[in-house]
Each structure stands twice: as structure tokens, then as C-alpha cells.
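Visitor: Here's a structure for you.
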Amino acid sequence: MLKNKDLKNIHIDNQVFIKPEYLIHPFISGNKHRKLKYNILEAKSQKIDLLLTFGGAYSNHIAATAYAGKIYGLKTIGIIRGEELESKINTNPTLKFAQSCGMRFKFVTREAYRNRAKTEFIKQLNSEFGDFYLIPEGGTNDLAIKGCEEILNDEDSEFDFICCSVGTGGTISGLINSSKKHQKVLGFPALKGDFLNQDIRKFATQENWELIDKYHFGGYGKIKPELITFINKFKKDFDITLDPIYTGKMMYGVFDLLDKGFFPKDSKILAIHTGGLQGIEGMNVRLKQKGWPLIK
Ligand SMILES: *Cc1c(COP(=O)(O)O)cnc(C)c1O
């Protein structure tokens, strides 16, 4: 079964440490591993051998589910947003990888994709694919949060701030639940989403958290040259690769807040590197088309 390797925090800057969740596994990296762990155990205990989940063209969750399915002997189906992608599997590194792990796809229109949580749509999928274990988009459900509660360990209680990137809010909810009262958990949304506070409240059992909504760079998957410059400089300075969708934006935010004096002088900050490095190849394809600098 997926093991939680004991990874040591990396001290990168006076006040800042990084929890290297990206080192957990080259393909099921970071928080997606945490989120899948108890779901896979549950599917196995229910004797269901098919996982079905949802995601976009570059989804870390799709890549992680496909790979987990392959190594734990479960079949996988990915419901992918965007019909046009069906003919582009071979030029999309994420889908190509997922397919090579044995994942089958069903491509749906953006309109149909919006119904992904509706009973009617799930029923349709059941009649098409039979019985399956459903994992929601981004992998977020109660069992995923249970997995994310294992990210922090007792030694991490020395930190004053825990910082992480936020997509659906599952990861931060786990961090909040296992944080200590004296700690503050700061979430950096990777997208514009007013719904996030509400979504997190559904899962979080404590109040010691806040979302910092200024570093999404225009929305999910949106980037600016200064973000790429930051990611490449970060790599040069600390020899740590950040992904452009999640961890790059979060670290950019953490360093900007440091510059602005947001963090009290002697406070210690733990930034969770949630992984996502598989997405870089796909992003570089897009950057090349734009004639922008690539992520190194
Ligand atoms: C999915 C993902 C996130 C967001 O996690 P949520 O639990 O959806 O908030 C953050 N970082 C990386 C690298 C991810 O792949």
C-alpha cells in the first residue's frame, strides 16, 4: 500500500521551511497520494475494482489516479472536460501518461462536465460502465481529508504558519484539522473562487485559517511571465522545482508576503510543497506556443 515516507522539512530561508511532499512518489505526488490512500483502501474493502473520476486536460489528480490504479490493480476511468481533447491525447503529456497506465477516458463537453456531481449524470455513467468507486474531481471527499490530516506530524508543531496551495480545498482542510491551536493555516487559492471558504468550512474542524486570494495570477491554469521567472529563480536558488499551477503561485505569495512584512519577525513558516510536477511538461508545450520562457 502507499506508504507515508518520513520526509524531512527543507530549510530554505531564514524563516521558511518546505515540506517536500513532492518527493513521496514521482507519479502519485504530494497531496494526490494523500487523498487517494484511504479511497483505494475503501474501494478494495468494498471489492470494487474500478475507479471513476473527473478532471481537466492537465490534471494531477487524473495522472495520480491512473498510476495508482495501475500499481494497485484497479481499473480506472477518467471523465475528461473538453470533447476536443479526444483527438489530442498524444500531444497532451498528462493524458498520454494516464492512458499508458491503462486509464480509459470519456471526453465530455464543458456543459456536461458541469453536471459531474449530479445524481442523474452518475446514473448515466453507471449504465455505461457498471459499478464503480467514484472519486470526485480533485479527489476531495471525507477519506481524502483523512489522508491529508497525515501531512503534518508532531515535530511540525514548532511552526507558526502552515502555508499551502488551494484547489478544491481538501488539502487545506486536512491541514487545518491536524494543526495545533497556536498555528495559523494560510491557503493560497490557485483559482478565483468565492465558494472556497464555504467548501473548506464543510470539512474543517477548526477556525485557525485564512485564504489569501491575491496570488492566483488571473485564475486556474493562468500564468504570467513573472511567475515563470520566479519559478526558475527559485529552482536556481534552492534547487527545488515548483509547478506553475499550484506550488509556484503559493511560494510566490509566501515570498511576497515576507517582503511586505506580513509575517512577524521571529515566526516560522512551513510551506507544503504539494507536488504537481507532472504538469510542467504540459505547461511548457503551452508556453512554447506563446513564445514565452519555459520552466526549467
Ligand atoms: C490538486 C493540487 C492542489 C490542490 O489541492 P486541493 O486539495 O484540491 O485544494 C495543490 N497542489 C497540487 C500540486 C495539486 O496537485
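The values are calculated or read from the model by the stated rules, or taken from the named source; none is laboratory data. Everything quoted here is computed from the prediction, not taken from an experiment. A quick note on method: Cβ atoms are made from the backbone with ideal geometry, for glycine too, and the neighbour counts reach across all protein chains shown. Side chains are part of the model used for accessible areas, which takes the heavy atoms of the whole protein and leaves out ligands, DNA and RNA. Shrake-Rupley method; radii C 1.70, N 1.55, O 1.52, S 1.80 Å.
Visitor: Is at least one residue of the stretch 227-239 without any contact (Cβ under 8 Å) to a residue 60 or more places away in the chain, part of a loop (DSSP other than H, G, I, E, B) and either within 12 Å of Val166 (Cα to Cα) or within 10 Å of the ligand (Cβ to nearest atom) (or both)?
Guide: No; the residues of the stretch 227-239 include none that is without any contact (Cβ under 8 Å) to a residue 60 or more places away in the chain, part of a loop (DSSP other than H, G, I, E, B) and either within 12 Å of Val166 (Cα to Cα) or within 10 Å of the ligand (Cβ to nearest atom) (or both).
Visitor: With the requirement that a residue be open to solvent by 40 Å² or more (accessible area, probe 1.4 Å) and in a strand (DSSP E or B), what does the stretch 113-163 give you?
Guide: Passing the criteria: only Leu134.
Visitor: Could you identify the single residue in Lys32, Lys19 that is charged (D, E, K, R) and over 19 Å from Leu95 (Cα atoms)?
Guide: Exactly one residue qualifies, and that residue is Lys19.
Visitor: List the number of the failed condition for Lys96; all other conditions in (1) within 20 Å of the chain's Cα centre (by Cα); (2) surrounded by fewer than 20 Cβ atoms within 10 Å (Cβ to Cβ); (3) closer than 16 Å to Gly282 by Cβ; (4) in contact (Cβ under 8 Å) with a residue 12 or more places away in the chain hold.
Guide: Failing condition for Lys96: (4).
Visitor: If you don't mind, there's one more thing I want to ask. Looking only at the stretch 192-210, which residues are over 16 Å from the mean Cα position of the chain (by Cα) and not aromatic (Phe, Trp, Tyr)?
Guide: If the condition is that a residue be over 16 Å from the mean Cα position of the chain (by Cα) and not aromatic (Phe, Trp, Tyr), then Asp194, Asn197, Gln198, Arg201, Lys202, Ala204, Thr205, Gln206, Glu207, Asn208, Glu210 are the ones that fit.
Visitor: Right, something else. I'm trying to understand the selection: among the residues of the stretch 188-199, which are at pLDDT 95 or above, open to solvent by less than 30 Å² (accessible area, probe 1.4 Å) and not hydrophobic (A, V, I, L, M, F, W, C)?
Guide: Passing the criteria: only Pro189.
Yes/no per residue for (1) within 16 Å of the ligand (Cβ to nearest atom); (2) modelled with pLDDT of 95 or more; (3) in a loop (DSSP other than H, G, I, E, B):
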residue	(1), (2), (3)
Arg201	yes, yes, no
Glu210	yes, yes, no
Asp213	yes, yes, yes
Lys222	yes, yes, yes
Gly248	yes, yes, no
Asp256	no, yes, no
Ile295	yes, yes, yes
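Visitor: Here is a follow-up. State whether the residues of the stretch 261-272 include one that is surrounded by fewer than 21 Cβ atoms within 10 Å (Cβ to Cβ), of a type in the set (Lys, Arg) and without any contact (Cβ under 8 Å) to a residue 24 or more places away in the chain.
Guide: yes
Visitor: Mind listing whichever residues of the stretch 3-55 are polar (S, T, N, Q) and closer than 21 Å to Phe105 by Cα?
Guide: Scanning the stretch 3-55 gives Asn39, Thr53.
Visitor: So, of the residues in the stretch 29-83 that are among the hydroxyl-bearing types (Ser, Thr, Tyr) and part of a loop (DSSP other than H, G, I, E, B), which turns out to be farthest from the ligand (Cβ to nearest atom)?
Guide: Checked the stretch 29-83; the qualifying residue farthest from the ligand (Cβ to nearest atom) is Tyr72.
Visitor: Taking the stretch 168-184 as the search range and keeping residues that are within 12 Å of the ligand (Cβ to nearest atom) and not in a helix (DSSP H, G or I), which one is least open to solvent (accessible area, probe 1.4 Å)?
Guide: The selected residue is Gly169.
Visitor: Within the group Glu120, Glu21, which residue is within 16 Å of the ligand (Cβ to nearest atom) and either within 30 Å of Lys265 (Cβ to Cβ) or not aromatic (Phe, Trp, Tyr) (or both)?
Guide: Among Glu120, Glu21, only Glu21 is within 16 Å of the ligand (Cβ to nearest atom) and either within 30 Å of Lys265 (Cβ to Cβ) or not aromatic (Phe, Trp, Tyr) (or both).
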